[in-house]
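Notes follow once the structure below has been shown.
What follows is calculated from the coordinates using simple rules that are stated; it is not laboratory data. Since we're looking at a predicted model, the values are computed, not measured. As a convention, Cβ positions derive from the backbone with ideal geometry for all residues, glycine included, and neighbour counts pool all protein chains shown.
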Number of protein chains: 2
Amino acid sequence: MPKNAAVTRDRIVAAASKLFYGHGIRAVSVDDVAARAGLTKRTLYYHFRSKDDLIAAYLAARDEPTIVIVMGWMDAVQGTLTDKLEAVFAQMARLGRHPKWRGCGFLRTAAELVTTPGHPALKAGSAHKKKLEAEFAGRFAQAGLADPDMRARQVMLLFDGAFSAMLTHRDPSYAEAAGQAAMELVRGEKVKAVKRRA
Amino acid sequence: MPKNAAVTRDRIVAAASKLFYGHGIRAVSVDDVAARAGLTKRTLYYHFRSKDDLIAAYLAARDEPTIVIVMGWMDAVQGTLTDKLEAVFAQMARLGRHPKWRGCGFLRTAAELVTTPGHPALKAGSAHKKKLEAEFAGRFAQAGLADPDMRARQVMLLFDGAFSAMLTHRDPSYAEAAGQAAMELVRGEKVKAVKRRA
DNA sequence: TTGCGTACACTCACTAGTCAGTATACTTTG
DNA sequence: CAAAGTATACTGACTAGTGAGTGTACGCAA
């Protein structure tokens, strides 16, 4: 029974997402993805030109939902900016405690594909991180920080550092340490913005 | 003419190091390493039990030299602690500008081997990062910071975050941003230690 | 009845690891 | 001290399996 092409495609991406995130890009074969999606490799190649295309689709599918989740953590908290930042990193630590957690899919993909500079998945990863940084910057600007862009960048560095350290040491407390640093950096900056906008 | 075993072993590790760092663990075959070392795969398997052993040897060989380099950056600077930190991250940015730079070998290996929890290479990676953190903590304690361990951890988070962001965006300026954050965190802490030690 | 979506069976290159055997150097023994 | 034996360091050819990607045929829907 031929299904709607978009539905099948989504099923393939969902299978790829589970496997690529869980085991890594190179560790997962196209056959594995096809089997998990419940169809043959030939069908997969009908919907995707190559494995590289599939990898790019995997990260593209993770972009928006990830940002919604992280910003959801932030916006769910009623309180000061530092309260919100604390929540973000606390939630990150919570994720890190889950047995199926395998770090940041974007960073791990960047690490694996480092030798193929123009790869669409790498562009997707870079764009994703920049979007997240911009979201932070927007929140920081609204809260009146003097240099919201700089602070957003610093928080992103702590964010990615926390991912890396949690992965390296399998210890979620690194996320909390990162949260403390983020709070401290932002606290030192508060309320200066009123003088700014000339 | 049979050579000294240690010499050959070192040549294999050197070849593995170049290839694993340059292309990634899974992207490099045992044949590739053997060819680069100028011997046959069978000889490589005479010196190493498995590819996993070779991976572990690769990271083990990078541990000490890496720490010496980073701490060398720090100790080479005559000046305040913040001057030293600025230098560390500036040197990091300089590395990132090199065309052969491929991020942090330890972090990339951790990302690739994430599905094999007990892997000796992962332990080596974790131990390496902890050692570097301890080196920072030692310097911070000597400089009189109130909580050198916490600050060292925060600096390591920025350090690994800078690696990740530089790799993601191919932009060394992230290391400089991380350096600014590190300096700010440490500056807020200075000289409190005199009151501490009860 | 066209063409979209699917499956089976296949290619060919590559992968970790092994088998059996060899040349050289060191050690033991008559 | 010379011959025989043994450990060391090494090789080429191989196995058994996996990798991405493809040629072709078939069924179903509009």
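A few comments on the model shown:
- Contact order relative to length of chain B, as percent, for alpha carbon pairs under 8 angstrom and 6 or more apart: 21 percent
- Within chain B: Cβ-based charge dipole about Cα centre, in debye rounded to nearest 20 (Lys, Arg +1; Asp, Glu -1): 340 debye
- Sorted ascending by nearby beta carbons within 10 Å, beginning with the fewest, B:Ser17, A:Ser29 become A:Ser29, B:Ser17.
- Sorted from nearest, the other copies put their B:Ser50 label points 3.3 nm away, the label point being 7 Å from Cα in the direction of Cβ.
- In nm, spacing of pseudo-spin labels at B:Lys100 and B:Val30 (7 Å Cα→C-beta vector): 2.7 nm
- Every helix of 4 or more DSSP H residues in chain A counts as -39500 (n - 2.57), and over all residues that averages to -24500 deg cm²/dmol at 222 nm.
- Computed from Cα positions, the angle between helix B:173-187 and the longest principal axis of chain B comes to roughly 40 degrees.
- Per-residue Cβ neighbour rank within 10 angstrom, fewest leading, B:Thr8, B:Thr116: B:Thr116, B:Thr8
- Inter-label distance for A:Ala76 and B:Asp53, nm, one decimal - labels placed 7 Å from Cα along Cα-to-Cβ: 4.9 nm
- Computed over the protein assembly as shown, the Cα gyration tensor eigenvalues convert (square root of 5λ each) into semi-axes of 36, 31, 16 Å, ordered from largest to smallest.
- Placing R0 at 56 angstrom, the Cβ-Cβ distance between A:Lys123 and B:Ala5 gives a FRET efficiency of 0.75 after rounding to 0.05.
- Remark: A:Val7, A:Val186 ranked as A:Val7, A:Val186, counting other beta-carbon atoms within 10 Å and listing the fewest first.
- For the stretch A:1-48, diffusion coefficient by Stokes-Einstein and Kirkwood Rh (Cα), 20 °C, 1.002 mPa s, µm²/s: 202 µm²/s
- Crossing angle, helix A:5-23 versus chain A [Cα axis fit, 0-90 degrees, rounded to tens]: 70 degrees
- Considering the rotation that superimposes chain A on chain B, the residue of A whose beta-carbon lies nearest the axis, and that distance in Å, is A:Gly161, 1.
- Principal-axis tilt of helix A:51-76 within chain A, Cα atoms, nearest 10 degrees: 30 degrees
- Shown here are the Rg and Dmax of the Cα trace of the stretch B:45-169, at 15.8, 52 Å.
- With R₀ fixed at 35 Å, the C-beta to C-beta distance from B:Val68 to B:Asp171 puts the FRET efficiency at about 0.85.
- Label 7 Å beyond Cα on the Cβ vector: B:Gly118 copy-to-copy distances, nm: 4.5
- Distance between the modelled labels on A:Lys130 and B:Tyr46, one decimal in nanometres: 5.3 nm (7 Å Cα→Cβ projection).
- Dipole axis of the protein assembly as shown (+1 Lys, Arg; -1 Asp, Glu on Cβ), positive-most option in A:Gln78, B:Gly105, B:Ser173: B:Gly105
- Think of each Lys and Arg Cβ as +1 and each Asp and Glu Cβ as -1; about the Cα centre, that makes the dipole of the protein assembly as shown roughly 520 debye.
- Between the listed residues B:Ala60, B:Ser29, B:Met150, the Cα displaced farthest toward the positive end of the dipole of the protein assembly as shown, a dipole computed from Cβ unit charges relative to the Cα centre, is found at B:Ser29.
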